[in-house]
1. Those residues that are under 11 Å from GLY216 (Cα atoms), hydrophobic (A, V, I, L, M, F, W, C) and either assigned to a loop (DSSP other than H, G, I, E, B) or not assigned by TED's automatic domain parsing to the domain that holds ILE215 (or both), I need them from segment 116-149; list them, please.
2. Say we look at segment 195-224 and pick out the residues that are under 15 Å from the mean Cα position of the chain (by Cα) and outside any strand (DSSP E or B); which of these is farthest from ASP271 (Cα to Cα)?
3. Identify, by number, the condition in (1) at pLDDT 80 or above; (2) surrounded by 16 or more Cβ atoms within 10 Å (Cβ to Cβ); (3) over 16 Å from the mean Cα position of the chain (by Cα) that GLY127 doesn't meet.
4. Can you name the residue in segment 68-97 that is at pLDDT 85 or above and among the acidic types (Asp, Glu) and, of all such residues, is surrounded by the fewest Cβ atoms within 10 Å (Cβ to Cβ)?
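The values are calculated or read from the model by the stated rules, or taken from the named source; none is laboratory data. Source: prediction; values computed, not measured. Backbone-built Cβ (ideal geometry, glycine too); neighbour counts: all protein chains shown.
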Amino acid sequence: MTGWVSVGRGADVSGELFDDGEGVGPAVNDHQNLLAEQRRALILDEVRRRGGVRVNELTRKLNVSDMTVRRDLDALARQGVIEKVHGGAVPVAEATAHEPGFEAKSALELSAKQDIAREAARMAVPGSAIALAGGTTAYALAQQLVDVPELTVVTNSVQVADVFHAAQRSTAGSGPRPGAATVVLTGGVRTLSDTLVGPVADAAIRSLHFDVLFIGVHGISVEAGLSTPNLAEAETNRQFVHSARRVVVIADHTKWGTVGLSSFATLDQVDSLVTDAGLSREAREEMTEQLPDLVVAGETPDNSGGDNGGTADI
């Protein structure tokens, strides 16, 4: 079959790539009539997990039309997370310094981020001082924290700060929100991922002390620890980690095995990892050996094995 390309794994993606008796995997097979964002998240996961996928496989497994699948692939290609090829799609082989924007990441792994956010919110004690480093998973967590009373929240994310400010505005007509959070937004230079970094942010964070830091990552691995493609963001994240009594990483399964340009923490500096049920069994075993606490959100008897181990960037 012509039109397939190498995806940087040292082998060609051929027409026989998926002829393994598994179709396109259980992550897709059990989902019918999905919303567009859910379909696209599943398609992206399959593309990354298997190294490519055909249009006709997706139409059959998702029970949608050829045109619908092609529109979904067009949307993912515009986000820069896949490359369309003849008859299907393959993942984009990203450099370690590539930094996706906030909007591009927001559309990916939505269900996993919500599961992680709900689980991580249980770790926020009323009246405590917490830090929320920027990112789309932290943004989802902020939405779960607006009702936790008397929090002091320090963040370098304008998006996260807006969540708390919007919650305040929604009750403006009826007086102050009971137990509302006090939000401190660091200054700094805004990155593509919509976080504030640089010397101003670093100095502000360095002078503070947090009970818990909730931090998302570009990548996590045994060898590289926690990493990001942005050098300035790496330094700001180091300050966050240094100022926290407890470090909680919030990261979906696609972050496993990804390595960004700059590491900012080793795994022995992490107290807890909150991830989703898509994390592979092998990754779970490695994380259990490395970390004091591994929390798998959204676990059910059907997915407890972690069917979808991935190494892609979200």
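1. ALA133
2. The qualifying residue farthest from ASP271 (Cα to Cα) is HIS218.
3. (2)
4. So, considering only residues that are at pLDDT 85 or above and among the acidic types (Asp, Glu), the one surrounded by the fewest Cβ atoms within 10 Å (Cβ to Cβ) is ASP74.
Quick grid of which residues meet (1) modelled with pLDDT under 95; (2) over 19 Å from ALA138 (Cβ atoms); (3) touching a His at 6+ places or on another chain (Cβ under 8 Å):
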{"residue": "PHE210", "(1), (2), (3)": "no, no, no"}
{"residue": "GLU233", "(1), (2), (3)": "yes, no, no"}
{"residue": "LYS255", "(1), (2), (3)": "yes, no, yes"}
{"residue": "ALA265", "(1), (2), (3)": "no, no, no"}
{"residue": "ARG281", "(1), (2), (3)": "yes, yes, no"}
{"residue": "PRO301", "(1), (2), (3)": "yes, yes, no"}
